[in-house]
Amino acid sequence: MISTLQYISQPMHLENIQAACEAGCRWVQLRIKHAPERLIASEALSAKAICADYGATLIINDHPHIAKAAGADGVHVGKNDMTVAEARKIMGSDAIVGGTANTLEDILQHVQDGADYVGVGPYRFTTTKQKLSPILGLEGIYAIMQKLKALDIDIPIIAIGGILAADVPDLMRTGIHGIAISGLLTHTTDKKQLVSSIMNDIQLCNI
């Protein structure tokens, strides 16, 4: 089951993952850029232990070999990284494999490659990511969802990129499966309240 609320980690990764899990988030993506693989591997093992304590799903960004070695639940590959198909070969058929998309064509390629879900964005400008793809906004995401519906393609779409709590109801009405947040949760003081509020909005839109 692909979670409707996903947290993408920021430095300090382990402390933030712990806090996200404590707040009630049950899907975590460990995203460490520009670091030695041995450091990422060490953080992945620690993140796995934290997630195991809370029954949370752990996804590793970009490094399927590390994800597999750490016993993570899956891997997420970016637009400029290896393909979903290549990651699947490494992770195996039982693992969760997701990919980042900015266009309908990106999504269709991920579907063809066997993705379990697709992160679509950015919704708005975000400082979390370098080399940002064109911003989609609400209209862009809605247009993509309409095209997927017309093509009868049903894959969980997770909106990503600069999402605020107030955006959730409108985003969910586009037909997406859920959202991924990063800085919003990292920098919020009352994390438990934020997670509860977002989950409530998501559930209301799914009734």
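The values are calculated or read from the model by the stated rules, or taken from the named source; none is laboratory data. Computed from a prediction, not measured in an experiment: that's the story for all the values here. Heads up, the Cβs are rebuilt from the backbone with ideal geometry, glycines too, and the neighbour counts pull from every protein chain shown.
Would you check if there is a residue in the range 130-140 being under 24 Å from Asp201 (Cα atoms), part of a helix (DSSP H, G or I), of a type in the set (D, E, K, R) and modelled with pLDDT of 95 or more?
Applying the first criterion (under 24 Å from Asp201 (Cα atoms)) to the range 130-140 yields 135-140.
Going one step further and asking which of them are part of a helix (DSSP H, G or I), we end up with 137-140.
When the remaining residues are screened for being of a type in the set (D, E, K, R), the result is 139.
Now restrict to residues that are modelled with pLDDT of 95 or more: 139.
The answer is yes, given that some residue of the range 130-140 is under 24 Å from Asp201 (Cα atoms), part of a helix (DSSP H, G or I), of a type in the set (D, E, K, R) and modelled with pLDDT of 95 or more.
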For a quick check of your reading of the model, give me the residue pairs whose first member lies in the range 14-28 and is in contact (Cβ under 8 Å) with a residue 40 or more places away in the chain, whose second is among the charged types (D, E, K, R) and buried (at least 18 other Cβ atoms within 10 Å of the Cβ), with beta-carbon atoms closer than 6 Å and at least 6 apart or on different chains.
Ala19/Lys191; Ala23/Lys191
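In the range 157-200, what count of residues is obtained for those that are of a type in the set (Lys, Arg) and more than 17 Å from Arg26 (Cα to Cα)?
We begin by selecting, within the range 157-200, every residue of a type in the set (Lys, Arg); these are 173, 191-192.
Still in the running and more than 17 Å from Arg26 (Cα to Cα): 173.
Total satisfying the criteria: 1.
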Got at least one residue in the range 112-124 being farther than 26 Å from Asp73 by Cα, in contact with a strand residue (DSSP E or B) (Cβ under 9 Å, 6 or more places away or on another chain) and either assigned to a helix (DSSP H, G or I) or charged (D, E, K, R) (or both)?
no
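Would you check if there is a residue in the range 43-54 being touching a Lys or Arg at 6+ places or on another chain (Cβ under 8 Å) and not in a strand (DSSP E or B)? Step through it out loud before you land on a result.
Applying the first criterion (touching a Lys or Arg at 6+ places or on another chain (Cβ under 8 Å)) to the range 43-54 yields 54.
Adding the requirement that they be not in a strand (DSSP E or B) leaves 54.
Yes, the range 43-54 has at least one match.
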I'm told Ala47 meets every condition in (1) buried (at least 24 other Cβ atoms within 10 Å of the Cβ); (2) in contact with a Phe, Trp or Tyr (Cβ under 9 Å, 6 or more places away or on another chain) except one. Can you identify the failing condition by its number?
(2)
Could you say whether any residue in the range 153-160 is over 18 Å from the mean Cα position of the chain (by Cα), surrounded by 18 or more Cβ atoms within 10 Å (Cβ to Cβ), at pLDDT 95 or above and farther than 26 Å from Ala20 by Cα?
no
Of the conditions (1) closer than 24 Å to Gln10 by Cα; (2) part of a helix (DSSP H, G or I), Gly161 clears all except one; give me its number.
(2)
Which one is modelled with the lowest pLDDT among residues in the range 62-94 that are closer than 21 Å to Val120 by Cβ and among the hydrophobic types (A, V, I, L, M, F, W, C)?
Met82
